[in-house]
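Working notes for the structure below.
Coordinate-derived values only; no laboratory data. Nothing here was measured: the structure is a model prediction, and the numbers come from that model. Counting neighbours? That spans all protein chains shown, and the Cβs are built from the backbone with ideal geometry, glycine included.
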Amino acid sequence: MAGAAAPEAWPELDLAERERRRELLLSGPGLEERVRAAGGRLPPRLFTLPLLHCLEVSGCGSLRAPGPGLAQGLPRLHSLVLRRNALGPGLSPGLGPLPALRVLDLSGNALEALPPGQGLGPAEPPGLPQLQSLNLSGNRLRELPADLPRCAPRLQSLNLTGNCLDAFPAELFRPGALPLLSELAAADNRLRALSPDVAHLSALKTLDLANNQLSEIPAELADCPKLKEINFRGNKLQDKRLEKMVGSCQTRSILEYLRARGRSRGRAEGSEKEDGRRQRREQRKQRRESGEGEAAAADTAQLLLRVLRVSENPTPLTVRVSPEVRGIRPYFVGAVVRGMNLEPGNALKRFLSSQTKLHEDLCEKRTAATIATHDLLAVRGPLLYAARPPEDLKIVPLGRKEAKAKELVRQLQLEAEEQRKQRKRQTVSGLHRYLHLLDGKENYPCLVDADGDVISFPPITNSEKTKIKKTTCDLFLEVTSATSLQICKDIMDALVLKMAELNKYTLENEEEGALSDAEADPSEPPSDSQRNPHSGKDGQRPLVVEQVRVVDLEGTLKVVYPSKADLAAAPPRVTVLR
C-alpha cells in the first residue's frame, strides 16, 4: 500500500526558524507549486514564527487566500506584503486582528470586495489599530467597507489606484474619522463625485483622482489646511477654465480658484449659476465661430512620441550582454529619449519623483525590476552589461565617493542598522531597503561604458558620472530585472509615457510665459516647435525615442526597444509616430 505523500519542503521557513529572523521573503520559481500543494494558501507552519516583523509573498499566481492562523501566529507583524498574487474576489478568511501591523500591501490581486468587519479585521475593537499604509491598487474593488475608518483609525496613506470604485463611502470623510490621513490616491477608477466633506481630512497633503468621471471639484477642497499636491487630470469637468487649470497649473493656483469660487457662491449662488450658464453659452458660440470643436481639443491634449529606428539613426547605442548575468539578473532593456526639458521650475524634481513612484508601484520596490536614468552626454558606448565579484566592482555612487561594491554594501548595511536604532523601527528607507536583493549573490550585475567605468549597479544605484541634471535634455534609460523581459518592457513603456506627460506639462507652462513676449516682438525668430518638422497640429514638440539594441557578445540580437509591439497599448491621448 502506497504511503502518504511527503509534505512540501519549505527551506525558507527552516532558515527563518533557525536564525530567528524577523523578515521573510517567499519567492522563486518553485513557490507556485508549493502554494498550490497547500491548497492555494500559505503553509500553516509559517504561522508558527511569532518573531516575524516583515512578511512578503509576491508574484504567486496560485495564492488565493493567506490562510487561517495569520493573526494568531504572527502577533508582532509590522509589514505584510501580498502583491501580484491571486487573492480574491473576497478576502476570506480576514486578516485581522493584527495589533502591530503598520504596512499592508494587497496591490495587483483580484479583490472585488472587502467584507465589512471581515476583510481587514473586526471593526470593534479596531482590527488594525496601528495601520499606517494600505495599498489596494490594481484590484477590482467596486466599493470600500464603510467601517474602514474604524478598522484602521491611524491610517496615513491609502492607495486605491486602478480599481472599479464609483464612490467613496461617506464614513471616509466623517469628521475625525481619519485624522492622520495625508495621502489619498484613487486615480483610474470610475468616481463620479467628490463629497464636500473631503475638507474634514485635516491632515491631507496629497490627493490623486486623475482619470475618473468627476464633473465637479468641490470648493470645500480648498479648506484642507495642509493640502500641497492634487491631480485631477483626465476628468471632464463642467468648469472648463478649471479643467484647463488642472492640466497646467500648480496646486496653489487651483486651490485659490476653488476658494474664490466658493466665496462667490456663498455671496450669490443663484447669480453664479446664471453667469456660469451664460459663460458656457458664450464658450460654445466662440468654439463654433472659431471652428474649434472636440476634435481640436483632443489634438491639443495629445502626447506625441516619435520612434527613431536603428536603421534611421547614424549613431545608435548598443548594449552587449555578458553570459555571467544569466543566473543573477539576466533581463535588460534600454532606450534613448531626446527632447526632455528639465530646466524650468521643479521639472527635474517632478521627473525624479515619478521615477521613485514607479519603483514603489510597478517595480514593486525594485523586487520586480529596477530603473536607472543617465545623462546621455556622459554615456560613452558601446555599453557592456556584465557581472563582477563584489571586491572587483568599483563605482562612484550617486552622492558618494568611489567605492568597491563590497565596501558600499557593507557601509549601507551599517547605515541601515544605525537607522533602525535611531528610529526604533524594523524598516529602513533609501538604498538600504534594497540590500536584501543581493543576498546570496557571488557576483553583482553592473553596466560598464566604453571607458571601463561602471555607470550602473542595479538594483542599488547608478553613477555620479552620468547623473541627471537640470541641463539634461537627452537621456539613456535602462530597466533590469531578475524576473522577466516583459516586465522590463512594461515598465519602460510606463516610464517613457510618463516622461511624455511631464514634458508636455513643462512645455505648456513655459510657453504660456513666453507667449506675450513673442506677440510683443514680431521680429522674434521662430520657436523650436515651429522649426521641428515632427511637431504636432498644435505645434507641440514630440519626444524622440531612439531604439537601443541589446545583443550577446557574438552580436546576436536579444531585444530591441521600442519594437512594433512596444508602446502599442498606449492610451488614446498618446500618439506614437513610427
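For the range 207-212, backbone phi angles converted through the Karplus equation (6.51, -1.76, 1.60; θ = phi - 60°) give residue-by-residue couplings of 9, 10, 10, 5, 6, 10 Hz, Gly and Pro being listed as x. With a cut-off of 13 Å between beta carbons, the residues surrounding Ile254 carry a summed charge of +3, where Lys and Arg count +1 and Asp and Glu -1. A cut-off under 14 angstrom between Cβ atoms defines the neighbours of Ser463, and their net charge, with Lys, Arg +1 and Asp, Glu -1, is +1. Note on Lys244: lysines with a C-alpha under 17 Å away, same-chain residues under 8 apart excluded, are Lys236, Lys504. Taking Cβ atoms as reference points and 10 Å as the exclusive limit, the residues near Gly162 contribute a net charge of -1, counting Lys and Arg as +1 and Asp and Glu as -1.
According to the square roots a ≥ b ≥ c of the eigenvalues of the Cα gyration tensor, what is the shape class of the range 188-269, taking rounded for a/c under 1.5, prolate for a/b larger than b/c otherwise, and oblate for the remainder? Note, shape of the range 188-269 comes out rounded. Scan around Leu303 for amide H atoms under 5 Å from its own, H built in the peptide plane at 1.01 Å from N, and keep only partners 5 or more places away or cross-chain. Under 5 Å from the amide H of Leu303: Val574, Thr575. Basic side chains Lys and Arg get +1 at the Cβ, acidic Asp and Glu get -1 at the Cβ, and with that the dipole of the range 188-269 about its Cα centre reaches some 240 debye. Peptides 313-319, 53-59, 357-363 ranked from most to least packed give 53-59, 357-363, 313-319, packing being the mean of other C-beta atoms within 10 angstrom over each peptide's residues.
Ranking of Glu546, Glu364, Glu33, Glu183 by neighbouring Cβ atoms within 10 Å, starting from the fewest: Glu33, Glu183, Glu364, Glu546.
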